[in-house]
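Single-structure report; data block below.
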Amino acid sequence: MTVTTDMARFATLDDWLDWQSSLHPSRMDLGLERVGTVWARLAPEGGRLPCPVITVGGTNGKGSTVAMIESMALAAGYRCGVYNSPHLCRYNERVRLDGVPVADETLCESFERIDRAREGISLTYFEFGTLAALDIFARARPDLVVLEVGLGGRLDAVNLIDADVSVVTSIGLDHTDWLGDSLESIAREKAGIFRAGRPAIIGQRDAPETLRAEATRIGALPLQLGRELDHARTTEGWIWTGPDGQRLALPIPALRGPFQLDNATAAIAALTVLRERLPVPVNAIRAGLQRARLPGRFQVMPGAVTWILDVAHNGEAAEALAANLRDFACPGRLRAVIAVLADKNPERLVTPIREYVSDWYLAQSEDARALPVEQLSARLDGLIGANRRGAFGGVAEAIGAALAESVPGDALLVVGSFTTVGQALRHPACPV
């Protein structure tokens, strides 16, 4: 698809993205000065979006929480804009309006506006995408915008916007080169999305105290799971409890895993505190929880050989995956294809799930940041030993080898990163 204007730098989305990938000297350059300058030139209404904004950060659970907020808002009849990253198959997945990825033309037109507004200021690939999402939402004027933080919080480009409600889902050890090597330092960075006088929702019972302390220090209004918020399972579903003692009897979310009740509790709280501006009736909350979908998060695709796709790429996410595998009935062998990025810890990823996996197929994803399969094999040798079935140069090759050895009743798990799962979704044998 092309943009018809003669003044556009590029005609296709792929050309724009290729150019953005090489525009800035480094892939990661945390800070708000450059991107803030461009947004100030680009944005109407003093840089504010013309509707309530919910920002969602954290180590794990961000995507699920965003998906549930979006689904509940749509069920209530509101127009909803969502920005999240990374994508699995198509870049357009990062920007959605009313549950639908925006068109190539819409992105290209926004990229052109950003290119003109930046006046030579260098932007990273992520900053370009974030500005495009904000620009598109400013023009579309939805009823609600939900922004997922890419990395950290305080210096992430998403933090340009003063959110009406901020959510931090969980704190874990990830991106330690950028955020610090302790839970307390990571929590401090994540707390950077909180705003004075506005709700700061914490979706983790045992979150580092630094997170709540930072919210209190800046004058935000903390609402934390296990304190002002809670949930409890029942024989027919679960009970959500809000900060004012409100209780809702609800169905179990469609997204799999017991930890999804934590995410659902935070998602409902984020909408509830906006009820005077954006009331969401309980029937829409129920419908939204049951309709929410999120590819790549314990995504189970039945067949003669069942496929399970999970983007888990750190220890905490692996523990959540292990909890799901514990409840997954596999009559045959569970074969796992794993490929990770070089800055991840494959040992922490494998340790919680290895008791459920019969055979391992190690691979290297099609990503410049991928951990070479030789290094992956060396690091995991002591953990998987004789259960390793081979090391492969690509994810597709590893999937092919695992399927060739599978029989009806077996299951195939593909895990390790968004890139890994995205390649699985594009595999010719994928049943999606």
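Numbers below:
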{"quantity": "Any hit, the range 72-85, residues being farther than 30 Å from residue 280 by Cα and touching a helix residue (DSSP H, G or I) at 6+ places or on another chain (Cβ under 6 Å)", "calculated": "no"}
{"quantity": "Some residue of the range 376-386 being part of a loop (DSSP other than H, G, I, E, B) and in contact with a helix residue (DSSP H, G or I) (Cβ under 9 Å, 6 or more places away or on another chain)", "calculated": "no"}
{"quantity": "Selection from the range 119-178 of residues that are part of a loop (DSSP other than H, G, I, E, B), closer than 23 Å to residue 195 by Cα and open to solvent by less than 20 Å² (accessible area, probe 1.4 Å)", "calculated": "142, 149, 151, 152, 153, 156, 161, 163, 169, 171, 172"}
{"quantity": "Cβ pairs under 7 Å, 6+ apart, first in the range 279-296 and more than 26 Å from residue 85 (Cα to Cα) and aromatic (Phe, Trp, Tyr), second open to solvent by 60 Å² or more (accessible area, probe 1.4 Å) and part of a loop (DSSP other than H, G, I, E, B)", "calculated": "none"}
{"quantity": "Cross-chain or 6+ apart pairs with Cβ under 7 Å, the range 191-219 first and open to solvent by less than 30 Å² (accessible area, probe 1.4 Å), then basic (Lys, Arg)", "calculated": "192/154; 202/212; 210/188; 211/190"}
{"quantity": "Among residues of the range 369-410, those that are crowded, with 16+ Cβ neighbours inside 10 Å and in contact with a Gly (Cβ under 7 Å, 6 or more places away or on another chain), counted", "calculated": "3"}
{"quantity": "Residue among 367, 343, 359 that alone is within 22 Å of residue 301 (Cβ to Cβ) and of a type in the set (D, E, K, R)", "calculated": "359"}
{"quantity": "Every pair of residues 6+ apart whose Cβ atoms lie under 6 Å, when the first sits in the range 234-255 and is more than 18 Å from residue 65 (Cα to Cα) while the second is polar (S, T, N, Q) and surrounded by 11 or more Cβ atoms within 10 Å (Cβ to Cβ)", "calculated": "247/241"}
{"quantity": "Matching entry among 353, 338, 384 (being more than 20 Å from residue 300 (Cα to Cα), of a type in the set (A, V, I, L, M) and in contact with a Leu (Cβ under 9 Å, 6 or more places away or on another chain))", "calculated": "384"}
{"quantity": "Any chance residue 347 is without any contact (Cβ under 8 Å) to a residue 40 or more places away in the chain, surrounded by fewer than 21 Cβ atoms within 10 Å (Cβ to Cβ) and not in a loop (DSSP other than H, G, I, E, B)", "calculated": "yes"}
{"quantity": "So residue 49, is it at pLDDT below 95 and closer than 24 Å to residue 169 by Cβ", "calculated": "yes"}
{"quantity": "Residues satisfying the stated conditions in the range 330-344, i.e. crowded, with 18+ Cβ neighbours inside 10 Å, assigned to a loop (DSSP other than H, G, I, E, B) and not charged (D, E, K, R)", "calculated": "339, 340"}
{"quantity": "For residue 50: the one exception among (1) open to solvent by 30 Å² or more (accessible area, probe 1.4 Å); (2) without any contact (Cβ under 8 Å) to a residue 40 or more places away in the chain", "calculated": "(2)"}
{"quantity": "Selection from the range 73-105 of residues that are in contact with a Lys or Arg (Cβ under 9 Å, 6 or more places away or on another chain) and assigned to a helix (DSSP H, G or I)", "calculated": "73, 74, 75"}
{"quantity": "Hits in the range 302-329 (condition: part of a loop (DSSP other than H, G, I, E, B) and touching a residue at least 12 places away in the same chain (Cβ under 8 Å))", "calculated": "302, 303, 304, 305, 311, 312, 313, 314, 328"}
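Residue-wise test of (1) at pLDDT below 95; (2) open to solvent by less than 20 Å² (accessible area, probe 1.4 Å).
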| position | (1), (2) |
| --- | --- |
| 5 | yes, no |
| 14 | no, no |
| 34 | yes, no |
| 41 | yes, no |
| 66 | no, yes |
| 99 | no, no |
| 104 | no, no |
| 107 | no, yes |
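Conditions (1) loosely packed, with under 13 Cβ neighbours inside 10 Å; (2) at positive phi; (3) part of a helix (DSSP H, G or I), marked per residue:
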| position | (1), (2), (3) |
| --- | --- |
| 223 | no, no, no |
| 271 | no, no, yes |
| 276 | yes, no, no |
| 286 | no, no, yes |
| 295 | no, no, no |
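The values are calculated or read from the model by the stated rules, or taken from the named source; none is laboratory data. The structure presented is a predicted model; accordingly, all values stated were derived computationally and were not measured. Quick reminder, even Gly has a Cβ in these numbers, built from the backbone with ideal geometry, and neighbours come from all protein chains shown. Just the protein is used for accessible areas: all its heavy atoms, side chains included, with ligands, DNA and RNA removed. Shrake-Rupley method; radii C 1.70, N 1.55, O 1.52, S 1.80 Å.
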